[in-house]
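J.: Mind looking over this structure? Questions follow.
The values are calculated or read from the model by the stated rules, or taken from the named source; none is laboratory data. Note that the structure is predicted; figures quoted are calculated from it, not measured. Don't worry about glycine lacking a Cβ; one is built from the backbone with ideal geometry, like all the others, and counts go over all protein chains shown. Areas reflect the complete protein model, heavy atoms only, side chains present, ligands, DNA and RNA absent. Shrake-Rupley method; radii C 1.70, N 1.55, O 1.52, S 1.80 Å.
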Amino acid sequence: MAKPKVATASLAGCFGCHMSILDIDDRILKLAELVEFHKSPINDIKKFSERCLVGIIEGGCCNEENVHVLQDFRKNCDLLISLGDCATMGGLPAMRNHVPLEECLAEAYLHGPTVHNPAKQIPNDPEIPLILDKVYPLHEVVKIDLHLPGCPPPADAIWEVLVALLNNKPIDLKYGLLRYD
Amino acid sequence: MSDFTFTIDGVEVPANKGQTILEAADAAGIYIPRLCWARDLAPGGHCRVCTVLVNGRPQSACTHPAGPKMVVEHDTPEIRAWRKNVVEMLFVEGNHYCMFCEKSGNCELQAMGYRLGITTPKYPYMFPQRAVDATHPDVMVDHNRCIACGRCVRASRDLDGKNVFQFVQRGHHVRVAVNAEGGLGRTNLSAADKAAQLCPVGAILVKRVGYAVPVGRRLYDVKPIGSDIEAKRAATPSGK
Amino acid sequence: MAENLEKVIQEVTARYGKDRTRMMDIVREVQARLGHVSGAAMDLIAREVKSHRVEVEGVVTFYAFYTDRPKGRHVIRVTDCVTARMRHVDEVVAAFEKELGIRVGETTPDGQITLERTSCIGLCDQGPAALIDDVPVTYISSDKVKSLVRVLRETGDAKKLVKTLGEGNNALDLVHSMVINNIRKRGDVIFAPFESGSAIRNAAAVSPAEVIRSVKTARLRGRGGAGFPAGMKGEFARNAAGDRKFLLCNADEGEPGTFKDRVILTEAPDLLFEGMAVAGYAIGATEGILYLRGEYAYLRPYLEHVLEQRRAKKLLGKGIAGKAGFDFDVRIQLGAGAYICGEESGLIRSCEGLRGSPRDRPPFPVERGYLDLPTVVNNVETLCCAARVLEKGAAWFAQIGSEQSSGTKLFSVSGDCRRPGVYELPFGLTVAEFLKEVGGDDAQAVQVGGPSGTCIDRGQFGRKLGFEDLPTGGSMIVIGPQRDILDVAAAFMEFFVEESCGWCAPCRIGNVLIRERLERIRAGKGLPEDLTYLEELCTTVKKTSRCGLGQTSPNPVATTLQNFRKAYEAKLLPARQDGRQPTFDLRAALSEAVRVQGREPVAH
Ligand SMILES: Cc1cc2nc3c(=O)[nH]c(=O)nc-3n(C[C@H](O)[C@H](O)[C@H](O)COP(=O)(O)O)c2cc1C
Ligand code: SF4
Ligand code: SF4
Ligand code: SF4
Ligand code: FES
């Protein structure tokens, strides 16, 4: 029987959650026995070519591209895991949700205390995805099957969740693995 | 000797006249979740996380007096769900960025989220606009994290005798305000005041003491909130 | 100006004996003289009454009619009540906005007029209505707006807006109001002729305990909604320790669709004050307070006048009816736009000059109420009934109505019916009989007991109005077949979000969340699972909220979900296969960036 496939992506995140996935140490080998990593920054596969059992997503939705990637994941994965605080509640990037986008851009590129931008231009290359009005937690954009918060979530938590999922067992994190920081 | 007994989830609990259900439960080593209650403060009845059924009717355990032969239901799936829902409401009402909050690890709201197994609130985040008051040299108020539990109001009024804090506005606009036009710095609050110490979350913080305890050794890193109370029960021979 | 401020605060606080429990009156008067209660005014008030500035701020910002910011010389408050919405109040508001050149919440640039919306003002049978300053203005249509604004601007006096006078006492000089009573049916208890003093004389002839026994024998139950036996409440207070006790009359009447107490206050204040004196005698209270909702401030001069007359007739004051020791007097406490102050412990707090948040019970007001002393709070109509029981006897009263609901009941009838107004009917009639009476036979639903009550469908029109089946404080809103039931529910949720006191988490936050999800469904973006979400949310709010407001505020949604589920289902999207959230609209989320950056999205 073919191994179940897992895909991962980092949207508006810092890759910290991915580091945490790798942080399961030697168990990563065991994991590699259990599943096959499909589209993921870990192996640089860019496009879905097969259906995946699990999609793991780090980071919230901050721009149009994030939304398209997320929708693509939803389409191609049976189960979506929202991994980490940015994915579950917007995280640090969502701090801009309290400021209108226009002010945000001006602060970031024109007036901020550390800004050096002699051209006084806000980046506006047609290739750059447009920014959303605010940062959205993933479950506000597509249906999410499982949330695992943490900044980043502990490697042990990720491990336990994956093992439970793959074995069709209920998830029961022991104290200390569910955390928001 | 106790004045009378009543039951919580079928367990017989001794109580004295004047004791609340929550106090009697504490003494018996039964932890009823709570957020706005604090020892030494009159109960406020704000958070409703301590809701129990008393003879079938919902009541807040922190305010309701224990009575002889009362039948209290506390740890049922139904009540657990209500509590979880209310705590989730508190999370979406404010802006809780635990990842950089000084209170993280020592925060009662966060610890309650852990204890009740909240991975993410089912309610939409409100992302409200709220202010930070840094006018005081030693204490700051970050309204983003305030859960309107009223501890600071009660502590300042009843323990410090200062009335530095009070609720203003009403409904979902309610917020804690300070007794001066120009912010906390214009009040007579001192960092040693109870009002500056009792905030359950990271809304009132004494400056320059944050992040002192390393991750792993903070209040709720290892054991769930309420474990201290439950430990009492485990220790008494009659408890099980 | 600063000196003037100081002088005003000195005068006002001195008038109320620098008593901080009179904060409601102090704030009202300071605002009347200065237009608003500024931070500087708060500081001075706090200093004079030995309170704290933030306490004063807490009070000023709690009540909708108080303001810490300057407003126009005149304030127009258009009701937002559902019955007004049924009559296109939105067009009226739009007309005001157009005429004044401002939006709701704003003040005209010349500082003359502020436009606001307010919850139900008790004129549902003659709406759309507004309060302009203290003056109720009824039957407003968009074409009348122009002349209203013109007269207000020209005369600077809202009283001049009153062109035609209402019937009965509304036409008295002391009232001078265009409000009409609209009494459609008079019964034997409330609207029958009454001879002042007749109940007091009978009461004074027997012991207080016997007065209570009569009320018990009459099986009188509270008319304010909860239906608590009035005699039992009186007895609790009578038996409570202490010599100083209080009798409070609840004339806050804030439940949308209720206006029967207004009509009693206008047409039968003698009966009411008689009832207060009798109740005071029974429980051993010598002090009474009539808590009059701020919306009814226009009735105050007349009510003060009636009190004066009664004092002159020895029906109030010391040695009432010539009986030594029968002392009782009444003061009027005005509210200031807060529905929660109708809840008895909120009302008590407001009388004490505090924010109107309810208290946890126990202790109950009968043990520890106003100023922490034993206190009975009764509805206006209950006290009128008590007077009639004493006048005509318990047996006479008990034979009216039904087994568990003796006497008559006043119904405030509004909405889609041909004869809105006030009806005094014996308890126990069916909803169908009621609808026939009021000319609402084609109703698809009736909101019984206002938004906090229940919304019933045609299948339940055989049910009986009374405590044994369908209790109601009197609000009866008829909902015609042309209405979208979800619109009605939405208006009610709006009301509760607005009126929650904010003390406790589930009511403060939960009602906002219920409203959000209901709006989602109304916008056609709801999913089947949203109905279960709403049910669970409603249950949590009802079960965990601290007072009656939060314990009933989900009812508009909870009861329609139960009785009109199809109306919800018709608006839902089918279960989605693509897993996308219908509420997320990429175009909308990008529109700000499109505007700011001046280009289109990369991928469409
Ligand atoms: C939110 C809320 C609003 C209320 N408003 C009123 C009101 O306007 N008038 C009233 O008589 N009772 C009102 N009540 C009921 C009162 O708390 C109280 O039960 C009543 O005044 C007692 O009088 P009764 O026994 O004569 O009915 C309200 C209750 C709640 C929870
Ligand atoms: S106050 Fe508590 S819940 Fe809020 S951000 Fe800080 S740690 Fe997290
Ligand atoms: S500041 Fe802290 S103590 Fe005060 S109400 Fe808010 S959460 Fe409670
Ligand atoms: S239920 Fe609502 S109105 Fe009642 S105390 Fe709580 S917040 Fe205030
Ligand atoms: S602890 Fe009881 S209501 Fe908050």
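J.: What is the distance in Å between the Cα centres of region A:1-39 and region B:1-46?
T.: The two parts, judged by their Cα centres, are 47 Å apart.
J.: Pairing the Cα long axis of helix C:485-499 with the longest principal axis of chain C, what angle in degrees results, from 0 to 90 and rounded to the nearest 10?
T.: On a 0 to 90 degree scale, this one is about 60.
J.: Provide the per-residue ³J(HN,Hα) series for region A:92-101, in order, calculated from phi with Karplus coefficients 6.51, -1.76, 1.60 and θ = phi - 60°, each as a whole number of Hz, with x at glycine and proline positions.
T.: My calculation for region A:92-101 gives 3, x, 6, 4, 6, 5, 8, 10, x, 3 Hz in order.
J.: Please list, in order along region A:39-54, the HN-Hα scalar couplings obtained from phi with the Karplus expression 6.51 cos²θ - 1.76 cosθ + 1.60 (θ = phi - 60°), rounded to whole Hz, x for Gly and Pro.
T.: For region A:39-54, the Karplus-derived couplings read 2, 5, x, 5, 10, 6, 6, 9, 10, 5, 10, 9, 6, 10, 6, 10 Hz, x marking Gly and Pro.
J.: Quick one: which residues, 5 or more positions from C:VAL75 or on another chain, have an amide H under 5 Å from its amide H? H modelled 1.01 Å from N in the peptide plane, none for Pro or chain starts.
T.: Hits under the 5 Å cutoff: C:THR114, C:ASP133.
J.: For region C:184-398, how big is the tail of P(r) above 20 Å, as a whole percent of Cα pairs?
T.: Tail of the P(r) past 20 Å holds 53 percent of the pairs.
J.: Same structure again: Which trypsin sites (Lys or Arg not before Pro) in region C:68-108 sit in a loop by DSSP (not H, G, I, E or B) and have at most 14 other Cβ atoms within 10 Å of their own Cβ?
T.: Passing sites in region C:68-108 are C:ARG103.
J.: Taking the Cα centroid of region B:128-192 and of region C:537-595, what is the distance between the two, rounded to the nearest whole Å?
T.: Answer, in whole Å: 33.
J.: A follow-up question, please. So which residues of region C:539-576 lose at least 10 Å² of accessible area, probe 1.4 Å, when you go from the chain by itself to every protein chain present?
T.: Buried by the other chains: C:THR539, C:THR540, C:LYS543, C:THR544, C:ARG546.
J.: Per the Kirkwood definition applied to all pairs of different Cα atoms, how many angstroms is the hydrodynamic radius of region C:277-316?
T.: Computed over region C:277-316, the radius equals 11.4 Å.
J.: Probe radius 1.4 Å, ligands and nucleic acids ignored: give me the carbon and sulfur share of the accessible area of the protein assembly as shown as a rounded percent.
T.: Answer for the protein assembly as shown: carbon and sulfur cover 52 percent of the accessible area.
J.: Listed here are the pairs C:LYS185/C:LYS392; A:LYS134/B:LYS103; A:LYS39/B:LYS122; C:LYS233/C:LYS409; C:LYS163/C:LYS409; C:LYS409/C:LYS566; which of them are more than 22 Å apart at the Cα?
T.: Cα-Cα > 22 Å for A:LYS134/B:LYS103; A:LYS39/B:LYS122; C:LYS163/C:LYS409; C:LYS409/C:LYS566; rest within.
J.: Turning to a different aspect of this structure: With +1 on each Lys and Arg Cβ and -1 on each Asp and Glu Cβ, and nothing else charged, work out how big the dipole of region C:483-542 is about its Cα centre, in Debye to the nearest 20.
T.: Values: 8 positive and 11 negative charges, 10 e Å.
Charge dipole of region C:483-542: 40 debye, to the nearest 20.
J.: Follow-up question, since we're still on this one. When all C-alpha to C-alpha distances in region C:2-62 are sorted into bins of 10 Å, what percent of pairs does each bin hold, rounded to whole numbers?
T.: P(r) over region C:2-62, rounded to whole percents: 27, 66, 8.
J.: Remind me, relative contact order of region C:184-398 in percent, using alpha carbon pairs under 8 angstrom and six or more residues apart? Mind dumping the intermediate values first?
T.: Details: 416 pairs, mean separation 70.4, N = 215.
For region C:184-398, the relative contact order is 33 percent.
J.: OK, next. Just to confirm the number: angle between the C-alpha axis of helix B:77-93 and the first principal axis of chain B, 0 to 90 degrees, nearest 10?
T.: The helix B:77-93 is inclined about 0 degrees to chain B.
J.: If you count only protein heavy atoms and use a 1.4 Å probe, how large is the accessible surface of C:TYR281, to the nearest 10 Å²?
T.: Its accessible surface works out to 30 Å², give or take rounding.
J.: Roughly how much accessible area, to the nearest 100 Å², goes out of reach of solvent when A and C pair up, both sides summed, probe 1.4 Å?
T.: Buried area between the two chains comes out at roughly 2000 Å².
J.: Pick from B:ARG145, B:ARG80, B:ARG208: which is most flexible by mean-square fluctuation in a GNM of chain B where alpha carbon atoms under 10 Å apart are linked?
T.: Result: B:ARG208 has the largest fluctuation of those listed.
J.: Among B:CYS50, B:CYS98, B:CYS152, whose mean-square fluctuation peaks in a Gaussian network model of chain B (Cα, cutoff 10 Å)?
T.: B:CYS98
J.: Given H placed 1.01 Å from N in the peptide plane, which residues other than close sequence neighbours of C:LEU334 have an amide H under 5 Å from its amide H?
T.: Here C:LEU292 satisfy the definition.
J.: Could you list the square roots of 5 times each eigenvalue of the Cα gyration tensor of chain B, that is, the equivalent ellipsoid semi-axes, sorted largest first and rounded to whole Å?
T.: Each semi-axis is √(5λ); the values are 32, 20, 18 Å.
J.: Let me ask you something else. So how tilted is helix C:39-49 from the main axis of chain C? Cα-based, degrees 0 to 90, rounded to 10.
T.: Here the helix axis deviates by roughly 20 degrees.
J.: Can I ask one more? How large is the Rg to Rh ratio of region C:488-569 when both quantities use alpha carbon positions and Rh follows Kirkwood?
T.: 0.94
J.: Once amide H atoms are placed 1.01 Å from N in the peptide plane, what residues at a sequence separation of 5 or more from B:THR20, or on another chain, have their amide H within under 5 Å of its amide H?
T.: B:ALA66
J.: Over region B:130-209, calculate the relative contact order: mean separation of alpha carbon pairs under 8 Å at least 6 apart, over the residue count, as a percent.
T.: Computed over region B:130-209, the figure is 39 percent.
J.: Something else about it: How big is region C:74-163 by Rg and Dmax over its Cα atoms, in Å?
T.: 11.7, 34
J.: Follow-up. Could you grab the Rg to Rh ratio for chain C? Cα atoms only, Kirkwood for Rh. It would help to have the intermediate numbers written out before the result.
T.: Working: Rg = 24.9 Å, Rh = 25.4 Å.
When Rh is taken as the Kirkwood radius, the ratio is 0.98.
J.: Please report, for the Cα atoms of the protein assembly as shown, the Rg to one decimal and the Dmax as a whole number; what are they, in angstrom?
T.: In Å, with Rg to one decimal and Dmax whole: 30.8, 101.
J.: What are the semi-axes of the equivalent ellipsoid for region B:130-209, taken as the square roots of 5 times the Cα gyration tensor eigenvalues, largest first, in whole Å?
T.: On the way: eigenvalues 55, 39, 31 Å².
Output for region B:130-209: semi-axes of 17, 14, 13 Å.
J.: With every protein chain left in place, what is the accessible area per residue of the protein assembly as shown in square angstrom, probe 1.4 Å?
T.: Per-residue accessible area for the protein assembly as shown comes out at 39 Å².
J.: If you put +1 on each Lys and Arg Cβ and -1 on each Asp and Glu Cβ, how big is the dipole of region C:1-142 around its Cα centre, in Debye rounded to 20? Each step should come with its number before you reach the end.
T.: Working: 19 positive and 22 negative charges, 53 e Å.
It works out to roughly 260 debye.
J.: Quick check: the distance between the Cα centres of region C:294-368 and region C:31-80, to the nearest angstrom?
T.: Using only Cα atoms to place each centre, the spacing works out to 22 Å.
J.: Assign one of three labels to chain A, namely rounded, prolate or oblate, based on the Cα gyration tensor with a ≥ b ≥ c the square roots of its eigenvalues; rounded applies when a/c is under 1.5, prolate when it is not and a/b is larger than b/c, and oblate otherwise.
T.: Since a/c reaches 1.5 and a/b is larger than b/c, the shape of chain A is classed as prolate.
J.: Would you work out the Kirkwood radius for region C:159-276? I mean one over the mean of 1/r across all pairs of different Cα atoms, in Å.
T.: 16.7 Å
J.: Whole-Hz ³J(HN,Hα) for each residue in region C:376-383, computed from phi via Karplus 6.51 cos²θ - 1.76 cosθ + 1.60 with θ = phi - 60°, x for glycine and proline: what do you get?
T.: With the stated coefficients, region C:376-383 comes to 9, 10, 10, 5, 3, 5, 4, 5 Hz.
J.: What translational diffusion coefficient, to the nearest whole µm²/s, does region B:1-117 have by Stokes-Einstein, given a Kirkwood radius computed over alpha-carbon pairs, a temperature of 4 °C and 1.567 mPa s viscosity?
T.: Using the Kirkwood radius from Cα pairs, D works out to 87 µm²/s.
J.: In whole Å, what are the extents of region C:408-479 along the principal axes defined by its C-alpha atoms, from largest to smallest?
T.: Ordered largest first, region C:408-479 gives principal extents of 26, 24, 21 Å.
J.: Then there is this: Using a probe radius of 1.4 Å on protein heavy atoms only, what is the accessible area buried between chains B and C, both sides summed, to the nearest 100 Å²?
T.: 3500 Å²
J.: Can you tell me the dipole magnitude for region C:408-479 around its Cα centre, using point charges on the Cβ only (Lys, Arg +1; Asp, Glu -1), in Debye to the nearest 20?
T.: 60 debye
J.: Given an 8 Å cut-off on Cα distances and at least 6 residues of separation, report the relative contact order of region B:1-72 as a percent.
T.: Values: 134 pairs, mean separation 27.4, N = 72.
So the answer I get is 38 percent.
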